[in-house]
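Chemist: This is the structure I have questions about; it appears just below.
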């Protein structure tokens, strides 16, 4: 007996070209991240992941945040953030502000040394991004439109 089920709807199954487009976007993002990471690591001696963590902390109110809040911002687990912050703390870029009543509410705090590093590192990132725009013949509006599309795909 032959099946009478209709073929799957194209909206529920990505086409090869749709998959290729997403894979191309991921490849492009990885290439951009490698380029940004190279500049940061070479000039400032921190990884791009560390830069993103310090940048998120610098953008937090009073440059302090819980590990959970940082984890949400940089897309890591809270334990991953804790592991990443340890060497940054040893280098004097971050301190931990402990809550005497509840250890789970400890806050990471950017130090003056950390603020100086992130300000310098942002300059490196800004220069690299400007070079990328120039090379691509593109601008911030194009990038923001692409980012909005990728964000909507990530929530689908």
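The values are calculated or read from the model by the stated rules, or taken from the named source; none is laboratory data. Nothing here was measured: the structure is a model prediction, and the numbers come from that model. In this analysis, Cβ positions are derived from the backbone assuming ideal geometry, glycine residues included, and neighbour counts consider all displayed protein chains.
Chemist: Within the stretch 60-97, which residues are surrounded by fewer than 18 Cβ atoms within 10 Å (Cβ to Cβ) and at positive phi?
Modeler: Passing the criteria: 62, 75, 92.
Chemist: Now a separate question. Quick check on the stretch 127-144. Is at least one of its residues surrounded by 11 or more Cβ atoms within 10 Å (Cβ to Cβ) and touching a helix residue (DSSP H, G or I) at 6+ places or on another chain (Cβ under 6 Å)?
Modeler: Yes, the stretch 127-144 contains a residue that is surrounded by 11 or more Cβ atoms within 10 Å (Cβ to Cβ) and touching a helix residue (DSSP H, G or I) at 6+ places or on another chain (Cβ under 6 Å).
Chemist: Looking only at residues that are touching a helix residue (DSSP H, G or I) at 6+ places or on another chain (Cβ under 6 Å) and not in a helix (DSSP H, G or I) in the stretch 82-126, which one is nearest to residue 43 (Cα to Cα)?
Modeler: Of everything passing the filter in the stretch 82-126, 93 is nearest to residue 43 (Cα to Cα).
Chemist: Being under 28 Å from residue 107 (Cβ atoms), at pLDDT below 85 and exposed (fewer than 13 other Cβ atoms within 10 Å of the Cβ) is the filter here; which residues of the stretch 29-59 pass it?
Modeler: Within the stretch 29-59, just 45 meets the criteria.
Chemist: I'd like to check something: does the stretch 63-81 contain any residue that is in a helix (DSSP H, G or I), touching a residue at least 12 places away in the same chain (Cβ under 8 Å) and closer than 18 Å to residue 116 by Cβ?
Modeler: Looking through the stretch 63-81, at least one residue is in a helix (DSSP H, G or I), touching a residue at least 12 places away in the same chain (Cβ under 8 Å) and closer than 18 Å to residue 116 by Cβ.
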